[in-house]
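The values are calculated or read from the model by the stated rules, or taken from the named source; none is laboratory data. Since the structure is predicted, the reported quantities are computational estimates derived from the model, not experimental observations. Quick reminder, even Gly has a Cβ in these numbers, built from the backbone with ideal geometry, and neighbours come from all protein chains shown.
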Amino acid sequence: TGRASDQGGALDLSNPRAAIAAGFGLAPEDRKTDGIVADLTIRENIVLGLQARRGWARPIARAEQNRLAEDYIRRLDIRTTGREKRVGELSGGNQQKVVLARWLAMNPRFLILDEPTRGIDVGAHAEILRLIHDLTAQGMALLVISSEIDELIAVSDRVIVLRDRRHVAELAGEEIAPARIMQAIAATGPAAAAQGAA
């Protein structure tokens, strides 16, 4: 539970449709179950969110679908033989890029990445981290959820440590270091609660 707000006031995040309307996107931890549609093509996966928001009675023109797919294949360096390749046939890293492309095509204000590098190879891992840096450099707000400390250090301006769904610590700047993060993770009892409240 909780709430979200911006300079315009409180945001309605009561359901997925409302969250999307408020400009939120989510690349889920389990991309195979919750992210991609394996039997659809790269093109179909990328335009899926846009089409759902637009309404199924108003299909996106095929030429526009092709343009979007080719654009994101190029921008995210999706390794494929073409936009009509089934996403289920791609590597894990390229599947993750397709999930990101779908959200980026919707131009979100705020993108949540849940374990964005889990289950992908070393090369794809580095590419995803580079993409995160590129997106933040372009001004996009990102929330990265990760159990990998090195990954958090590489991409974060601020790190919030949660334990049992409770906020126990917040680190920024030079505080974002392995020892400080591990200390916050390991801390228990009233001292940890006091640190989180500070």
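Please enumerate the residues belonging to region 18-47 that are assigned to a helix (DSSP H, G or I) and touching a helix residue (DSSP H, G or I) at 6+ places or on another chain (Cβ under 7 Å).
Of everything in region 18-47, those that are assigned to a helix (DSSP H, G or I) and touching a helix residue (DSSP H, G or I) at 6+ places or on another chain (Cβ under 7 Å) turn out to be Ile20, Arg31, Gly35, Ile42, Arg43, Asn45, Ile46, Val47.
Scanning region 109-164 for residues that are within 16 Å of Ala177 (Cβ to Cβ), loosely packed, with under 13 Cβ neighbours inside 10 Å and of a type in the set (Asp, Glu) gives Asp150, Asp157.
Going through (1) at pLDDT 95 or above; (2) in contact with a helix residue (DSSP H, G or I) (Cβ under 9 Å, 6 or more places away or on another chain); (3) in a helix (DSSP H, G or I) one by one, Leu50 falls short only on (1).
Does region 189-197 include one or more residues that are modelled with pLDDT under 95, assigned to a helix (DSSP H, G or I) and buried (at least 19 other Cβ atoms within 10 Å of the Cβ)? Within region 189-197 (the criterion being modelled with pLDDT under 95, assigned to a helix (DSSP H, G or I) and buried (at least 19 other Cβ atoms within 10 Å of the Cβ)), the answer is yes, since at least one residue qualifies.
Where strands (runs of 3 or more DSSP E) fall entirely within region 73-186, those with at least 1 residues that are of a type in the set (A, V, I, L, M) and under 24 Å from Ala18 (Cβ atoms) are at 110-114, 141-145, 158-163.
Residues are listed down the side, and each one gets a yes or a no for (1) in contact with a strand residue (DSSP E or B) (Cβ under 8 Å, 6 or more places away or on another chain); (2) modelled with pLDDT under 95:
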residue: Tyr72; (1), (2): no, no
residue: Arg79; (1), (2): no, no
residue: Phe110; (1), (2): yes, yes
residue: Leu129; (1), (2): no, yes
residue: Leu152; (1), (2): yes, yes
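Residue under question is Asp39, and the condition is that it be acidic (Asp, Glu) and in contact with a Gly (Cβ under 9 Å, 6 or more places away or on another chain); does it hold? Yes, satisfied.
Inspection of region 171-179 identifies no residue that is within 26 Å of Asn94 (Cβ to Cβ), over 15 Å from the mean Cα position of the chain (by Cα), surrounded by fewer than 17 Cβ atoms within 10 Å (Cβ to Cβ) and free of Cβ contacts under 8 Å to residues at least 40 places away in the same chain.
May I ask you to verify whether Leu40 is touching a strand residue (DSSP E or B) at 6+ places or on another chain (Cβ under 8 Å), of a type in the set (A, V, I, L, M), at negative phi and surrounded by 14 or more Cβ atoms within 10 Å (Cβ to Cβ)? The answer is yes for Leu40.
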